[in-house]
Amino acid sequence: MKFIALLPLVLLSTAIAGLAADAPPARRPQTRSPEVSTDRHVTFGLQAPKAAEVSVSGQWAGGRTAMTRDTNGIWTATVGPIEPGVYEYSFQVDGLSMIDPGNPAIKPMREPRTSILHLPGRPPLLYDFQDVPHGVVHQHTYFSKSLGRPRELVVYTPPGYDQHPRTRYPTLYLQHGSGDNQATWVAHGKAHWILDNLIAQGRAKPMVLVMADGHAVAPGDTSPGAPKNLAAFETDLLENVMPFVEKNYRVKTDAANRAIVGLSMGGEQSLRIGLTHPALFAWVGGFSSAAPSAEAFGTTFDAPGAVNQKLKLLWVGCGRDDFLLKRNEEFIDLLKAKGIHYEWNLSAGTHSWPVWRLYLTEFAPKLFQ
């Protein structure tokens, strides 16, 4: 009888031991990163107890900073003070570049590898969130008939769009670079806040922004019959994206109310598509573009008078320390030789987002005036 009485206790003890064995290991305390002080010093942290060498690299002055490890295996470094702005940064762990796992703000990329540090200005900068009326950012999936697959699209509508159902708006098609995607101009470029602030200040017309995925063909796709990316994107934009936008949004559909601009790869796309389709786009621009050669335009520039009559603005900008400066200068020389009107902005800066945000603040106010 004693054996029978003890049996339930034995079974209960065994069950508890089994549950303990199956329980997940205790979670390590999360490392807060980044932590920003009132004087704009920023502390970065990473828990990597088995790492031998860790550093943090960002676009701020000073670049790369070595991190030190404490007895709990947490690596930290304090940088600054850092000037207000929006910066990309990453950790290097024993030679591996990675995002900051403590920071949910990640730059949208084809191969995500950088986190975002945003330090607002005082007073706020044009790409900071301000207490003004705000537009709405919409995310869409559409089916590309020309590519035979679903694609992603981001559309911004300006403040008041839903309150004025009879109003139609001009459209700016805004393209990203080769490392990024359709979400980058909003998440990292802050294009929606730039437009909100410019519109609130009366410096820009209310407009719809369309940000399409510029990677129509997977990078490195050399399969037989695979189209070249620029040609495939052009077809997708003209035959799928624009009809989708004009069906689902109240936008004006004449060239005088359409603009196209992009950065780097997107700049090449915008210059080539915009200038070879004057019936569709009267406002064209390129930011630090992979500027096309003369062959890309065919006979477009053979009648400069007609081009200048239809084109309301051709705006080209590039930084003095940008690796694509020579290509942009050659493009400007081509325009000069052909007698095409343009605006050229040779600015300070490299091939980087701090330059392109400023370009958008300069380009957008010129549109649809």
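The values are calculated or read from the model by the stated rules, or taken from the named source; none is laboratory data. Keep in mind it's a predicted model, so treat the numbers as computed, not measured. Every residue, glycine among them, receives a Cβ derived from its backbone with ideal geometry; neighbour counts consider all protein chains shown.
Results for (1) part of a helix (DSSP H, G or I); (2) modelled with pLDDT under 95; (3) crowded, with 18+ Cβ neighbours inside 10 Å, shown as yes or no for each residue.
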site: ASN197; (1), (2), (3): yes, no, yes
site: GLY202; (1), (2), (3): no, no, no
site: HIS215; (1), (2), (3): no, yes, yes
site: ASP221; (1), (2), (3): no, yes, no
site: GLU239; (1), (2), (3): yes, no, no
site: LYS247; (1), (2), (3): yes, no, no
site: THR253; (1), (2), (3): no, no, no
site: VAL261; (1), (2), (3): no, no, yes
site: VAL307; (1), (2), (3): yes, yes, yes
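Only one residue in GLY285, GLY214, GLY202 is without any contact (Cβ under 8 Å) to a residue 12 or more places away in the chain and closer than 19 Å to LEU360 by Cα, so which one is that? Steps first, answer last, please.
Details: GLY285 fails: without any contact (Cβ under 8 Å) to a residue 12 or more places away in the chain; GLY214 fails: without any contact (Cβ under 8 Å) to a residue 12 or more places away in the chain.
None of the others qualify; the one that does is GLY202.
Out of all the residues in the stretch 89-99, is one or more within 22 Å of ALA364 (Cβ to Cβ) and of a type in the set (A, V, I, L, M)?
Just the residues of the stretch 89-99 that are within 22 Å of ALA364 (Cβ to Cβ), to begin with: none.
Within the stretch 89-99, none of the residues are within 22 Å of ALA364 (Cβ to Cβ) and of a type in the set (A, V, I, L, M).
Within the stretch 60-98, how many residues are farther than 24 Å from ASP39 by Cβ and either assigned by TED's automatic domain parsing to the domain that holds HIS176 or surrounded by fewer than 18 Cβ atoms within 10 Å (Cβ to Cβ) (or both)?
10
In the stretch 29-67, how many residues are under 18 Å from GLY95 (Cα atoms) and either among the polar types (S, T, N, Q) or in a strand (DSSP E or B) (or both)?
Initial filter on the stretch 29-67 (under 18 Å from GLY95 (Cα atoms)): 44-58, 63-67.
Next, from what is left, pick out any that are either among the polar types (S, T, N, Q) or in a strand (DSSP E or B) (or both): 44-47, 54-58, 64-66.
Going through the stretch 29-67 one residue at a time, the tally reaches 12.
Only one of THR38, THR65, THR71 is touching a strand residue (DSSP E or B) at 6+ places or on another chain (Cβ under 8 Å) and at pLDDT 50 or above. Can you tell me which? First the steps, then the outcome.
Numbers: THR38 fails: touching a strand residue (DSSP E or B) at 6+ places or on another chain (Cβ under 8 Å); THR71 fails: touching a strand residue (DSSP E or B) at 6+ places or on another chain (Cβ under 8 Å).
Checking each option against the conditions leaves just THR65.
Taking the stretch 159-189, which residues are surrounded by fewer than 23 Cβ atoms within 10 Å (Cβ to Cβ) and farther than 26 Å from ALA231 by Cα?
PRO159, GLY160, TYR161, ASP162, GLN163, HIS164, PRO165, ARG166, THR167, ARG168, TYR169, ALA187
Looking only at the stretch 167-207, how many residues end up being hydrophobic (A, V, I, L, M, F, W, C) and under 17 Å from the mean Cα position of the chain (by Cα)? Even if it seems obvious, please write down each step before you answer.
Of the stretch 167-207, the ones hydrophobic (A, V, I, L, M, F, W, C) are 172, 174, 183, 185-187, 191, 193-195, 198-200, 204, 207.
Narrowing further to those that are under 17 Å from the mean Cα position of the chain (by Cα): 172, 174, 183, 185-187, 191, 193-195.
Final tally of qualifying residues: 10.
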